[in-house]
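The values are calculated or read from the model by the stated rules, or taken from the named source; none is laboratory data. Note that the structure is predicted; figures quoted are calculated from it, not measured. Heads up, the Cβs are rebuilt from the backbone with ideal geometry, glycines too, and the neighbour counts pull from every protein chain shown.
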Amino acid sequence: MKLSVVIPVFNERATVEQLVKVVRGADIGEIEIIIVDDGSTDGTQQVLKEKVTPLANQIIYQPHNQGKGAAVRLGFAAATGDVILVQDADLEYNPADYPTLLEPILSGKADAVFGSRFMGGRPHRVLYFWHMVGNRFLTLLSNMFTNLNLTDVETCYKAFRAEVIKNLDLREDRFGFEPEVTAKLAKSKCRIYEVGISYNGRTYSEGKKVNWKDGFHAIYAIIRYNLFS
């Protein structure tokens, strides 16, 4: 089994090198690392060129910022592995969880696996109450349309059998990617599993980027991709 790890990057100068080193060292067999820099302006591109290039299989540079969804689509198209996993470029999600994420796929039970921050006994940094409320609301709304029983639709950690994700017509450029891919997996009758993961969330001063505007767009994406596509 060859695992392709797709890493969308935007202004993560402080963490991207360490993150890629951890991914490269993951004990999971053959790993292909594909990084998509989404028009970073903070010096991230210099770090990628000078320090990360030897560690990655491919680095793609967007000419300007287009959003996580656009970056992830480029990564999916470039991936050559049997399984594709999305990894944010910060250190909120731990590659030590890869074996747990991949087991349902490798055992032939799942087409996609979501890593939930809200189930299981893994360690979690305690942070924002209203972020938790927002995530749970978006998950509930998504579940109402998809008839799934997920606990964390907005999680970064999603792994897919390559043939499944490459056959989905994904269109969202920004954070609407999460509800869009969930809706399209559900409509395709894919076998979706969910596993508990650890989570080391960041504060806004530490670089967290998701805000209330992304929440409203997620609501739009849930309605659009469940009812009108």
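Being at pLDDT 95 or above and either buried (at least 19 other Cβ atoms within 10 Å of the Cβ) or aliphatic (A, V, I, L, M) (or both) is the filter here; which residues of the stretch 1-10 pass it? Full working, then the answer.
Initial filter on the stretch 1-10 (at pLDDT 95 or above): 2-10.
3, 4, 5, 6, 7, 8, 9, 10, listed by residue number.
Scanning the stretch 1-20 for residues that are in contact with a strand residue (DSSP E or B) (Cβ under 6 Å, 6 or more places away or on another chain) and among the small types (Gly, Ala, Ser) yields a single hit, 4. Of the residues in the stretch 72-92, not one is closer than 16 Å to residue 191 by Cα, surrounded by fewer than 20 Cβ atoms within 10 Å (Cβ to Cβ) and not β-branched (Val, Ile, Thr).
When every residue of the stretch 33-52 is checked against the conditions, at least one turns out to be farther than 29 Å from residue 213 by Cα, surrounded by 16 or more Cβ atoms within 10 Å (Cβ to Cβ) and within 16 Å of the chain's Cα centre (by Cα). When the residues of the stretch 21-53 are filtered to those that are in contact (Cβ under 8 Å) with a residue 60 or more places away in the chain and touching a strand residue (DSSP E or B) at 6+ places or on another chain (Cβ under 7 Å), the one that is nearest to residue 94 (Cα to Cα) is 23.
Quick one: in the stretch 171-229, of everything that is among the polar types (S, T, N, Q) and at pLDDT below 95, which residue is nearest to residue 144 (Cα to Cα)? Write out each step before concluding.
Keep residues of the stretch 171-229 that are among the polar types (S, T, N, Q), which gives 182, 188, 198, 200, 203, 205, 211, 226, 229.
Still in the running and at pLDDT below 95: 198, 200, 203, 205, 211, 229.
Values: 198: 26, 200: 28, 203: 30, 205: 34, 211: 23, 229: 16 Å.
Within the stretch 171-229, the match that is nearest to residue 144 (Cα to Cα) is 229.
Yes or no: the stretch 17-28 includes at least one residue that is closer than 21 Å to residue 178 by Cβ and crowded, with 17+ Cβ neighbours inside 10 Å. Yes, some residue in the stretch 17-28 is closer than 21 Å to residue 178 by Cβ and crowded, with 17+ Cβ neighbours inside 10 Å. Among the conditions (1) in contact with a Gly (Cβ under 9 Å, 6 or more places away or on another chain); (2) of a type in the set (A, V, I, L, M); (3) within 29 Å of residue 227 (Cβ to Cβ), the only one that residue 153 does not satisfy is (1). Taken over the stretch 192-203, residues that are farther than 18 Å from residue 95 by Cβ and buried (at least 16 other Cβ atoms within 10 Å of the Cβ) amount to 3. Give me the pairs: first residue in the stretch 95-110 and within 18 Å of residue 20 (Cα to Cα) and in contact (Cβ under 8 Å) with a residue 12 or more places away in the chain, second residue acidic (Asp, Glu) and assigned to a loop (DSSP other than H, G, I, E, B), beta-carbon distance under 8 Å, and six or more apart or on different chains, which are they? Taking only residues 6 or more apart or on different chains, the pairs are 99/27.
The residue that is surrounded by the most Cβ atoms within 10 Å (Cβ to Cβ), counting only those in the stretch 145-191 that are among the aliphatic types (A, V, I, L, M) and touching a Leu at 6+ places or on another chain (Cβ under 8 Å), is 159. Here the condition is being out of contact with any helix residue (DSSP H, G or I) (no Cβ under 9 Å at 6 or more places or on another chain) and modelled with pLDDT under 95; of 50, 92, 103, 30, it holds for 92 alone.
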